[in-house]
Amino acid sequence: EITSRPYLEMTLKILRNVGISTNWEGNTIQILPDIQSEKSSQLTKFVVESDWSSASYFYSLAAIGREYINLKSFRQYSLQGDSVLKEIYWNFFGVNTISEAAENKISLLPEPYFDFPEKISLDMNDCPDIAQTLCVTATALNIPFTITGLQTLKVKETDRLLALKNELFKIGCIAEITDDSIKSVKFFAPNENISIETYNDHRMAMSFAPFCLVKELNIENEGVVEKSYPEFWEDLKKIAIEE
């Protein structure tokens with residue numbers, strides 16, 4: 001079974017946009033660089049969109065804090081698989097995404113009278129990188145969750161399923177994990193002086209940061225965000241979240 005399929009689709013789409021012929025049948029992908037289309041001679045400018053995985057942390061902040069947030073350099077119709085955030089955070093957390101195409105900007109607008117679901121059930125096989133953020137958001141809002149399709153999380157920067165289970169407990173969620181899933185069992189009031197271990201994993205640091213809107217917490221080894229989002233802590237300051 002192919003995991004994170006949208007990343008492959010995005011790569012092939014970009015190759016085709018610059019004139020490289022590709023073919024995908026079953027589990028075989030062919031790249032044919034000698035067969036180029038007219039697009040290769042016509043393309044003079046290519047704009048790189050911002051990372052939707054990184055946007056997930058601001059969706060979480062909007063969902064928990066119920067305040068709007070503006071993000072730059074995001075397209076309404078994105079090739080990135082993690083742009084499914086728009087649907088997930090609207091369906092389960094009432095965060096609407098308004099796009100301003102002329103400025104490549106999106107606004108995250110929480111619905112003030114949103115009727116939160118009794119539970120969340122999702123297969124995130126195509127977007128496992130945003131699963132940590134989703135679990136923290138659901139915990140902050142006390143919404144029970146069952147997330148499947150997470151088999152690749154065990155072989156990332158750390159065993160993310162085990163790390164997630166351990167750190168969710170610190171913020172008030174008892175969770176159960178399998179080789180490819182995580183499920184909330186019970187929520188409880190967390191203790192004071194919460195310190196989140198990051199396991200040398202950038203996404204552990206950033207996905208737990210939005211919980212600061214519920215309770216003050218310390219993120220250990222905060223410099224781990226350098227791997228994918230060096231300006232993360234500075235960007236949080238722009239929306240009045242201080243270290």
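Quick check: is even one residue across the range 129-137 surrounded by fewer than 17 Cβ atoms within 10 Å (Cβ to Cβ) and either within 17 Å of the chain's Cα centre (by Cα) or not assigned by TED's automatic domain parsing to the domain that holds Glu67 (or both)? Within the range 129-137 (the criterion being surrounded by fewer than 17 Cβ atoms within 10 Å (Cβ to Cβ) and either within 17 Å of the chain's Cα centre (by Cα) or not assigned by TED's automatic domain parsing to the domain that holds Glu67 (or both)), the answer is no, since none of the residues qualifies.
Of the residues making up the range 145-158, not a single one is assigned to a helix (DSSP H, G or I), at pLDDT 95 or above, assigned by TED's automatic domain parsing to the domain that holds Ser83 and closer than 15 Å to Ser207 by Cα. In the range 91-112, of all residues being hydrophobic (A, V, I, L, M, F, W, C) and within 19 Å of Ser207 (Cβ to Cβ), the one that is surrounded by the most Cβ atoms within 10 Å (Cβ to Cβ) corresponds to Val95. Using the structure shown, decide if Gln76 is surrounded by fewer than 24 Cβ atoms within 10 Å (Cβ to Cβ), under 28 Å from Glu197 (Cβ atoms), in contact with a helix residue (DSSP H, G or I) (Cβ under 9 Å, 6 or more places away or on another chain) and of a type in the set (S, T, N, Q). Judged against the criteria, Gln76 is not a match. Does the range 94-102 include one or more residues that are part of a loop (DSSP other than H, G, I, E, B) and more than 17 Å from the chain's Cα centre (by Cα)? So far as the range 94-102 goes, no, none of its residues is part of a loop (DSSP other than H, G, I, E, B) and more than 17 Å from the chain's Cα centre (by Cα). Selection of the range 167-199 for residues being exposed (fewer than 14 other Cβ atoms within 10 Å of the Cβ) and in contact with a helix residue (DSSP H, G or I) (Cβ under 7 Å, 6 or more places away or on another chain) yields only Asp179.
Checked against the criterion of being in contact (Cβ under 8 Å) with a residue 60 or more places away in the chain and in contact with an Asp or Glu (Cβ under 8 Å, 6 or more places away or on another chain), the range 188-197 has no qualifying residue.
Could you tell me which of the residues Lys237, Lys170, Lys215, Lys186 is charged (D, E, K, R) and under 23 Å from Ser50 (Cα atoms)?
Lys237
Counting only strands (runs of 3 or more DSSP E) that fall entirely inside the range 1-92 and contain at least 3 residues that are in the same structural domain as Tyr113 (by TED's automatic domain parsing) and at pLDDT 80 or above, the qualifying elements are 69-72. Among the residues of the range 200-212, just one is out of contact with any Leu (no Cβ under 9 Å at 6 or more places or on another chain), more than 17 Å from Trp52 (Cα to Cα) and not polar (S, T, N, Q), namely Asp201. Take the conditions (1) among the charged types (D, E, K, R); (2) over 18 Å from the mean Cα position of the chain (by Cα); (3) closer than 15 Å to Ala138 by Cα; Asp179 misses just one of them, which is (3). Acidic (Asp, Glu), outside any helix (DSSP H, G or I) and modelled with pLDDT under 95: is that true of Asp126 in this structure? When the stated conditions are applied, Asp126 passes them.
So which residues in the range 107-121 are of a type outside the set (S, T, N, Q) and closer than 16 Å to Ile143 by Cβ, if there are any at all? The answer is Pro110, Glu111, Phe114, Asp115, Phe116, Pro117, Glu118, Lys119, Ile120.
The values are calculated or read from the model by the stated rules, or taken from the named source; none is laboratory data. None of the values given here were measured: they were computed from a predicted structure. Please note: Cβ atoms are built from the backbone with ideal geometry, for glycine as well, and neighbour counts cover all protein chains shown.
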